[in-house]
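The values are calculated or read from the model by the stated rules, or taken from the named source; none is laboratory data. The structure presented is a predicted model; accordingly, all values stated were derived computationally and were not measured. Don't worry about glycine lacking a Cβ; one is built from the backbone with ideal geometry, like all the others, and counts go over all protein chains shown.
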Number of protein chains: 4
Amino acid sequence: MTNKAVHYSDYLQLDKILNAQELESDKLSLHAHDEMLFIMIHQAYELWFKQVLFEIDSAIAIMHQPMNDNSPELQTIVHRFNRCVTILKVLVHQIDIMETMTPMDFLDFRDMLRPASGFQSWQFKTIEAKLGLKFEHRHGQEYYTAQLRPQQVEIIKAAEHEKSLLELVNSWLERMPFFEEPENWENFKGLEGKNGTHTYWATYRECYRQSLSEAEFGNLAYFDDIFLQSDTLKTENGSLSAKANRAALFIMLYRGYPILQLPFQLLNSLLEIDEQLSIWRYRHMSMVQRIIGTRLGTGGSSGRDYLKAALDKHYIFKEIARLTSFLIERRKLPELSPEMEKRLGFIK
Amino acid sequence: MTNKAVHYSDYLQLDKILNAQELESDKLSLHAHDEMLFIMIHQAYELWFKQVLFEIDSAIAIMHQPMNDNSPELQTIVHRFNRCVTILKVLVHQIDIMETMTPMDFLDFRDMLRPASGFQSWQFKTIEAKLGLKFEHRHGQEYYTAQLRPQQVEIIKAAEHEKSLLELVNSWLERMPFFEEPENWENFKGLEGKNGTHTYWATYRECYRQSLSEAEFGNLAYFDDIFLQSDTLKTENGSLSAKANRAALFIMLYRGYPILQLPFQLLNSLLEIDEQLSIWRYRHMSMVQRIIGTRLGTGGSSGRDYLKAALDKHYIFKEIARLTSFLIERRKLPELSPEMEKRLGFIK
Amino acid sequence: MTNKAVHYSDYLQLDKILNAQELESDKLSLHAHDEMLFIMIHQAYELWFKQVLFEIDSAIAIMHQPMNDNSPELQTIVHRFNRCVTILKVLVHQIDIMETMTPMDFLDFRDMLRPASGFQSWQFKTIEAKLGLKFEHRHGQEYYTAQLRPQQVEIIKAAEHEKSLLELVNSWLERMPFFEEPENWENFKGLEGKNGTHTYWATYRECYRQSLSEAEFGNLAYFDDIFLQSDTLKTENGSLSAKANRAALFIMLYRGYPILQLPFQLLNSLLEIDEQLSIWRYRHMSMVQRIIGTRLGTGGSSGRDYLKAALDKHYIFKEIARLTSFLIERRKLPELSPEMEKRLGFIK
Amino acid sequence: MTNKAVHYSDYLQLDKILNAQELESDKLSLHAHDEMLFIMIHQAYELWFKQVLFEIDSAIAIMHQPMNDNSPELQTIVHRFNRCVTILKVLVHQIDIMETMTPMDFLDFRDMLRPASGFQSWQFKTIEAKLGLKFEHRHGQEYYTAQLRPQQVEIIKAAEHEKSLLELVNSWLERMPFFEEPENWENFKGLEGKNGTHTYWATYRECYRQSLSEAEFGNLAYFDDIFLQSDTLKTENGSLSAKANRAALFIMLYRGYPILQLPFQLLNSLLEIDEQLSIWRYRHMSMVQRIIGTRLGTGGSSGRDYLKAALDKHYIFKEIARLTSFLIERRKLPELSPEMEKRLGFIK
C-alpha cells in the first residue's frame, strides 16, 4: 500500500518532541534540576489535551449528522468518550508525578517563569468550551482572557460559538422516537393526552409523587418545571429542553431495553467525563496548594482560588446528573404498553 | 516454635468474615442484587479503617516515649505513615467499585436501610480524632453524635481526650535539638540573641522579607505571629507552638542534612495522609451525589453537604502545610555556622 | 416497607468483621506488628473473592436461560463482568499495600504460620473453575488438593462439574441467529452453500488468505481447523465449537451493528477478566519473590513457581483472544447482503 | 532576575509538541481515527523516557563522586529514584489508554507503519543500559541492532561502556565503612578474625545455618559463594562483589540505625524500579498480544516473544533482590558490639 519504509523515530517526530525542553534556569546558569520535570509534565498534559480534543471533535462531527438507529455511530461515540475517561484518569494519576517536586525544589526556578501559568492552557479551556461551558458561566473571566494570546482566545471563542456537545446531546435527546408523547405539550394541561387518557408522564408524575416523603414534597415543583413544559422550554440557565429531559429520564429508567442500552452508556460516559474533570481540578488544586502555598497576591494563590471556584461552576452535564433525583424504584415504574415494549426491542 | 499446624481458613477466621453478609432485601423477599456489593464494600472499608487505626496507635505509642536520635523508631513511624498513605490510596480507588452501582440499582434497596448511614462509621471518626481533629472543629457535631451508639461515641470521645498525633508531633518538634535559639524567647525583642548578636531567625526573617513583593508584604505579620513568639505560644486555634513551627520550618529548609532527612519524611507523610483523606472525602462526595442525587431532606443530601463542609474543615495538619508559604529560595538561605553544620551530620 | 430501624454496625455485622483478627505472634508473646496487616489484607481479598463469585454466579444463572434478544439480561451480564474487572483492578492495586511489608518484617512471624498458605484460598480456585478452568489444565494438581480441606475440595469439584461460564458462552454463541450459514456443515465441502453459491465464510476465507504474507501462510490451516468444521467440532483441547468460533469472529468484525454491540462488549469483558487475573498473578508472583525470596524447599519458593506456571496455563478465554489473529481490515471485509444488514439492525 | 516575560506556550514549545503528529493513513487518504492515539501515546512514552534518563543521569553523576556521609546527596538520589518509580507507575497505567484501541481499529493502519516498531525506542534501551543491563545479557541482540539507526546504536553502546548505575552501587557498597571486617579476606579461612576471634560474619553464618531446615541446607553453599569470598570476587555473571553483598545484607538487617536508613531506602528504590519495569513489560506484552494477536512471522508475534523473554532476563538488580533469601529473624540476629552501635548512630 505504501512503499516508503517508516522508521519509529521519524514517524513520531522525536527530533521535535525530544528537543523541546529548554530550561529557563539554565539560561541564567542557575540550573534547577526539577525544572525539567516541570516542563515535561506540562508537555505530556498538552499532548493528552490534544488527544481529548481530537476525540471530542470526532464525536461532535458525528452528532451533527442525524444518527440513524441502524448505524454504528452511537457505539463509536460511546467508545471515544470512554477513551477520554481513561485518558483523564491517567491525567489525574500524573499529578502524583508533579507531587514528587517539593516546595523548596520548585522555589529554585519559580520566579524565573513569571508570568507564565498553567491557566494559559488554551487547549484545556477549549475542551471545556466544546463540551458546553459558556463564557458567562466561567469563573474568572477577565483572568482567563488576560493571560492568553489573541489567537488563542480566538480558538476558544470559536469553540464557544459552535454547537457544543451539550447542545448536540440536547438535539439528539429531542429526536428520540421511542416513547409516546401527547401531540401538543404547548397547550398541554392536566397531564392528559389528546383524547383525555393519561399519558405516560402523567402516570409517572403520580408514581414519583407517591415516592416522596413529606419533607421532600418540594421536589414536585422542580419535577414539573423540568419535565412538564412545552417541548423546547428550558429551565433558567438550563441547556436541556423539557423534551430532552424526558427522553434522558426515560433512558435511565428503562436502560435495559435493547434500543436504550447505548443511549444509557452515552449519558453515563458524559457524567464520567465531568467527574474525572472535577477530580482533576480538585487534585490539581491540592497540589498547587501543597507545592506553592498561599503567598498573598501571587499567581499561585489566585490560581488555587480559581480552581476551587471552578470546581463547582464548571460542571457541564449537571442537568443530566440532576436526573438521579427524579428516579423511582424499578418495581414501582408505570407499566409500558405492548406497543412501546415492541418499539424498544430488536426486530423479531 | 509452635506445634499446632495453622490452616489458612482458620487463621483468617473465614467462617466469620464470609458469613457476615445478610441482605435486608432478601429478608423482604425483594432480592436486590447490588445490596451484596453495598455491604461488602463497607466491610472492606471498615477492615482497612481498623488497620489504619492500628498503625496510628502504634505510632502514637512510640511518640509518647521521647525518641532517641540513636533509635530506629523514627524510621518505623515514617514507614507506618507511608503504609497508611498506601492504604488510603486503595480506599480512594475502591470508590470506582461503588460507582459501578447505578442510581436505579441503589433505589432497589435504598429505603430498606433507613436510617443506617455511612456517617455512622465510628472508626473513621476515631481516625480523625486520633490524628488531631478536635470536637469543636468538626462539621455537623449534633449530626454525628445523633447517629452513633453511646459506646461508639465513648470511643471517639476517649480518642479526643488522649494526646493526639498532632499534639505529639508538636512536642517532638519542640524537643528538636539541632539549631541555636536565644535562651529566652519570652523576653525576646528585636530578634537579637542574648549577647546582642543576631540569631538565625532574625537573619531568616530579613531574607524572607526581601523575598516578598510589595503585594505580599502582609505575609510578614503572619510570619512574626507564627514563628517569633515565646516558645509555647500558639496562634489562635493553632496546635503548633512557635518553637515547633520554627523546628518544622527548619527541617523543610535543610532537609538534606543527615539528621533532618527522616524528620522531613515524617512531616511529608503527615501531609500525604491529609491529602489522601481529602481526596477520599471529595470522591466520596461526588459518588454520593452521583448515586443518590439530592432529594431534599434525606440522608443522601445532607450527607453530601456534610462531606463538602468537612473537605475544608477537617484538615488536620494544615499548620504544617502552611509553612510552604514561608520558605525562601535555597540560594538565599542564611549560611549555617560550622557548629550547626556539625550538629546536623553524622559522627565523624 | 420495613419497620425495624437498621443500624450501620449491625447491618455490616462489624462485631464479626472487626473481631476476626488474632495474631499467632501474640499467642507466642512475640508480637509481630506486621502480622495484623498480613491477616487484614487476606481477609479483604477473601471478601472481594466472595463478591466476584456472587457476580459470576448471577451471570451463570442468567446464561442458563436462553436469552431473548428483547430482554435486558445481556446488558446486565456485561455490567456485572465489568464490575468484576473493576474489582480485580483494585485487587491488583492492593498488592501495593502488601509490599509495604519488608522481608525482615515478614520474617518476624513467617515461621508461625506454617503450613498455612495463600494457595489454600478455595474461593479463588472456585472462581477459576466457574469461569472454565478444568482440573486437567491446572498447574500443580496434587499441590492444590493437598492443601485444602475435603469440604473445600468438594466445592471446587462441584464448580468443575457444573456448566462453566466458558461452556455457557459457547452455547450462547452457537445460538446466535444473525448470519447465514450453509445448512449442513457436516457434509460441507469446498465452502459452497447448498445451492452452489459461495457462502459468507467462503468469501471471508478468501479475503483472509489474501491478507496473509508468504511467511504467514501457515495460518490458513489453523483457520480451516478452527472455523470450517462441522458445527459442534472443537479443536484439540478447545472449548469453543466451530460454530461458536464463527459467531464470535463475526461479532468482532461487525461490532458496530446494533444487535452486535452488547455481544461485542460481553466478549471484551471476558478478555478483560482474563487479563486482570493474569496481571494479578504476575504482580502476586513478583511480590512473593520480593518478600519471601527463594529458600529452597519452602512454601514460598514453590508458591512462586506455581504462580509462574499458572500465568501461562490458567488463561480461560484464550480461544476468544486468539480470534484477533484471524481478523482482516475493515475495508477488505466481504459485503453483507441487504437481508443480513436488516437482521443486524433495530426495528424500522 | 530575568527581564523577559515568559509565556506558557513559548516556554513549553507547544508549536513543536502539538505539530508533531502526522498520520500515515491521512497521507494515503485512508484516515484511520485511532492512528492519532497511537502516535500520541508513543510520544508521551518517549517524553517520560527522556525524564527517566534525566533522573538516572543525575544520580549517576552524583554517585561518581565519593559520597560524604555528611552530604545531602544520598537523600537526593533516593528522591529521584522514587520519582522514577512514580513515573513508571504512570507509564504502566498508560497502557489502559492503549487498550482502548481494539484489534479492528489497529488493523485500519497497521500495515502502513511497517517496519516501524516499538522496539526501536533507543531511549528505553538506553535506560536499561544505564541501569546496568549488559549487551551480552540482552534477549534478541541481533533483533535490537537491526531495527535501530547507527547513531542510535551508538548512544546505547556508549551507555553500555560507561560505568552503569549497578557498578556504581557496587562501588558505593564497597565503600561502606560501618561494620568491622577482618582485615584480609583474601587469605581468610575458617571465618575467624585476624586475632582468632570470630568475626561478625562468622557468627552470622552460624545463625543463618541454624535457621535452615534440612531441605534448605543447600542454601549454605550459596551463602559462602556470595558473601565469604575475597572482597572483590563476584559470583559467575554477577555484578556485586562479596564485599558489596555483605554491605547490602548488613543494611537490610539493621536498616533502623540512623546511618543505614537512607542506604536501605536506596536499595529498596532500585528494587522498585526493577519491579515497575517488569510490570510494564508484562502489561505491554499482554497488550500486544491482545491488540495484535499472533500471526506467524510478523513483528507483532516476535515482539510478544521478545517481551516475554525479556521479562526474566532483563532484571538489573537481581543480586540485591536475591539477598532476601539470606536474611534471618530479627530476634536471632548476632548482637552488635557497642563500638559498632556507636558507629551506626548520630553524633552524641
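What the table shows:
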{"quantity": "Members of the range B:234-266 found to be within 14 Å of chain D (Cβ to nearest Cβ) and in contact (Cβ under 8 Å) with a residue 40 or more places away in the chain, listed by number", "calculated": "B:Ile251, B:Met252, B:Leu253, B:Tyr254, B:Tyr257, B:Pro258, B:Ile259, B:Leu260, B:Leu262, B:Pro263, B:Gln265, B:Leu266"}
{"quantity": "Residues within the range B:25-44 that are at the interface with chain C (Cβ under 9 Å from one of its Cβ atoms), farther than 20 Å from C:Asp34 by Cβ and either in contact with a strand residue (DSSP E or B) (Cβ under 8 Å, 6 or more places away or on another chain) or not charged (D, E, K, R) (or both), tallied", "calculated": "10"}
{"quantity": "Some residue of the range D:128-140 being more than 23 Å from the chain's Cα centre (by Cα) and over 21 Å from D:Trp48 (Cα atoms)", "calculated": "no"}
{"quantity": "Residue satisfying condition, being modelled with pLDDT under 95 and in contact with a Leu (Cβ under 9 Å, 6 or more places away or on another chain), within set A:Gln75, A:Gln123", "calculated": "A:Gln75"}
{"quantity": "Of all residues in the range B:118-147 being assigned to a loop (DSSP other than H, G, I, E, B) and within 14 Å of chain C (Cβ to nearest Cβ), the one that is nearest to B:Gly238 (Cα to Cα)", "calculated": "B:Ser121"}
{"quantity": "A:Arg83 within 14 Å of chain C (Cβ to nearest Cβ), basic (Lys, Arg) and surrounded by 19 or more Cβ atoms within 10 Å (Cβ to Cβ)", "calculated": "yes"}
{"quantity": "The range B:87-113 - residue that is facing chain C (nearest Cβ under 7 Å) and not aliphatic (A, V, I, L, M) and, of those, surrounded by the fewest Cβ atoms within 10 Å (Cβ to Cβ)", "calculated": "B:Asp111"}
{"quantity": "Checking A:Ser239 against (1) modelled with pLDDT of 85 or more; (2) out of contact with any Gly (no Cβ under 8 Å at 6 or more places or on another chain), the condition it does not meet", "calculated": "(2)"}
{"quantity": "Which numbered condition C:Glu136 misses (of (1) without any contact (Cβ under 8 Å) to a residue 12 or more places away in the chain; (2) of a type in the set (Asp, Glu); (3) closer than 24 Å to C:Arg175 by Cβ)", "calculated": "(3)"}
{"quantity": "Test: residue in the range C:155-173 that is within 12 Å of chain B (Cβ to nearest Cβ) and part of a helix (DSSP H, G or I)", "calculated": "yes"}
{"quantity": "Pairs where the first residue, in the range D:16-27, is under 10 Å from D:Gln43 (Cβ atoms) and the second is assigned to a loop (DSSP other than H, G, I, E, B), C-beta under 7 Å, 6+ apart", "calculated": "D:Ile17/A:Ala20; D:Ala20/A:Gln13"}
{"quantity": "Matching residues in the range B:47-104 - criterion: being farther than 28 Å from C:Leu88 by Cβ and part of a loop (DSSP other than H, G, I, E, B)", "calculated": "B:Gln65, B:Pro66, B:Met67, B:Asn68, B:Asp69, B:Asn70, B:Ser71, B:Pro72"}
{"quantity": "Checklist (1) in contact with a helix residue (DSSP H, G or I) (Cβ under 6 Å, 6 or more places away or on another chain); (2) at pLDDT 90 or above; (3) buried (at least 21 other Cβ atoms within 10 Å of the Cβ); (4) away from chain D (no Cβ under 14 Å) applied to B:Leu307, failing item", "calculated": "(2)"}
{"quantity": "Selected residue (criterion: modelled with the lowest pLDDT) from residues of the range D:182-225 that are touching a strand residue (DSSP E or B) at 6+ places or on another chain (Cβ under 9 Å) and of a type outside the set (D, E, K, R)", "calculated": "D:Leu191"}
{"quantity": "When residues of the range C:217-228 are limited to those that are part of a loop (DSSP other than H, G, I, E, B) and in contact with a helix residue (DSSP H, G or I) (Cβ under 9 Å, 6 or more places away or on another chain), the one surrounded by the fewest Cβ atoms within 10 Å (Cβ to Cβ)", "calculated": "C:Phe217"}
{"quantity": "Unmet criterion (only one of (1) surrounded by 18 or more Cβ atoms within 10 Å (Cβ to Cβ); (2) more than 22 Å from the chain's Cα centre (by Cα); (3) closer than 20 Å to B:Pro177 by Cβ) for B:Asp231", "calculated": "(1)"}
{"quantity": "Filter result for the condition that a residue is among the aromatic types (Phe, Trp, Tyr) and closer than 30 Å to A:Ile291 by Cα, over A:Phe54, A:Phe109, A:Phe81", "calculated": "A:Phe109"}
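So that you can scan it fast, the table gives a plain yes or no per residue for (1) among the polar types (S, T, N, Q); (2) modelled with pLDDT of 95 or more; (3) under 30 Å from C:Leu333 (Cβ atoms):
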| residue | (1), (2), (3) |
| --- | --- |
| D:Ser117 | yes, no, yes |
| D:Thr145 | yes, no, no |
| D:Glu154 | no, no, no |
| D:Ser164 | yes, yes, no |
| D:Trp172 | no, no, no |
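Let's see how each residue does on (1) among the hydrophobic types (A, V, I, L, M, F, W, C); (2) surrounded by fewer than 21 Cβ atoms within 10 Å (Cβ to Cβ); (3) in contact with a strand residue (DSSP E or B) (Cβ under 7 Å, 6 or more places away or on another chain); (4) within 9 Å of chain B (Cβ to nearest Cβ):
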position	(1), (2), (3), (4)
C:Asn19	no, yes, no, yes
C:Leu23	yes, yes, no, no
C:Leu47	yes, no, no, yes
C:Leu53	yes, yes, no, no
C:Met63	yes, yes, no, no
C:Pro66	no, yes, no, no
